[in-house]
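Presented below is the structure to which this report refers.
The values are calculated or read from the model by the stated rules, or taken from the named source; none is laboratory data. It should be emphasised that the depicted structure is a prediction, and the values quoted were computed from it without experimental measurement. Every residue, glycine as well, gets a Cβ built from its backbone with ideal geometry; the counts of neighbours run over all protein chains shown. These area figures cover heavy atoms from the full protein model, side chains too; ligands, DNA and RNA do not enter into them. Shrake-Rupley method; radii C 1.70, N 1.55, O 1.52, S 1.80 Å.
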Amino acid sequence: QVQLVESGGGLVQAGGSLRLSCVASGRTLNSNYGMGWFRQAPGKGREFVGRITWTYGAPYYADSVKGRFAIDRDNAKNVVYLHMSGLEREDTAVYYCNTYPPLSSWGQGTQVTVSS
């Protein structure tokens, strides 16, 4: 089973930056799959933020965050990062990582709150 631990969230002013980290562990982790970031704002469903492949590090982003967020990964440590800049109030959400395609089990996520 894959275990996922997100960290790095917090309160930040609009226009600020944060770096989220996701540590993935477990024998179920398969390098044939990528890792993705997802978020869920109050009253909304979970939405896709971006993903990255383990092998090539090729990222793909949702239009809503393209140009502001960046994903990279450390294969040796099984860590994937979400670098967020130019944060907006609309980015406020609980952020989750998972494999891509995502497994049915999710971590606790990390709260990102953007204030004005």
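Summary table
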item	result
Given (1) modelled with pLDDT of 95 or more; (2) open to solvent by 20 Å² or more (accessible area, probe 1.4 Å); (3) touching a Leu at 6+ places or on another chain (Cβ under 7 Å), number of the condition ASN78 does not satisfy	(1)
Residues satisfying the stated conditions in the stretch 4-25, i.e. in a strand (DSSP E or B) and among the small types (Gly, Ala, Ser)	SER7, GLY10, SER21, ALA24, SER25
Identity of the residue in the stretch 87-114, open to solvent by less than 30 Å² (accessible area, probe 1.4 Å) and part of a loop (DSSP other than H, G, I, E, B), that ends up farthest from ARG19 (Cα to Cα)	GLY107
Per-region count, the stretch 54-75, residues outside any strand (DSSP E or B), open to solvent by 60 Å² or more (accessible area, probe 1.4 Å) and at pLDDT below 95	3
Top-ranked residue of the stretch 1-50 - restricted to ones that are among the small types (Gly, Ala, Ser) and free of Cβ contacts under 8 Å to residues at least 60 places away in the same chain, ranked as nearest to CYS97 (Cα to Cα)	GLY50
Checking THR53 against (1) under 19 Å from GLY15 (Cβ atoms); (2) of a type in the set (Val, Ile, Thr); (3) free of Cβ contacts under 8 Å to residues at least 24 places away in the same chain, the condition it does not meet	(1)
Pairs, first farther than 23 Å from LEU11 by Cβ in the stretch 70-86, second at pLDDT below 90 and part of a strand (DSSP E or B), C-beta under 7 Å, six or more apart	ASN78/ALA24; ASN78/SER25
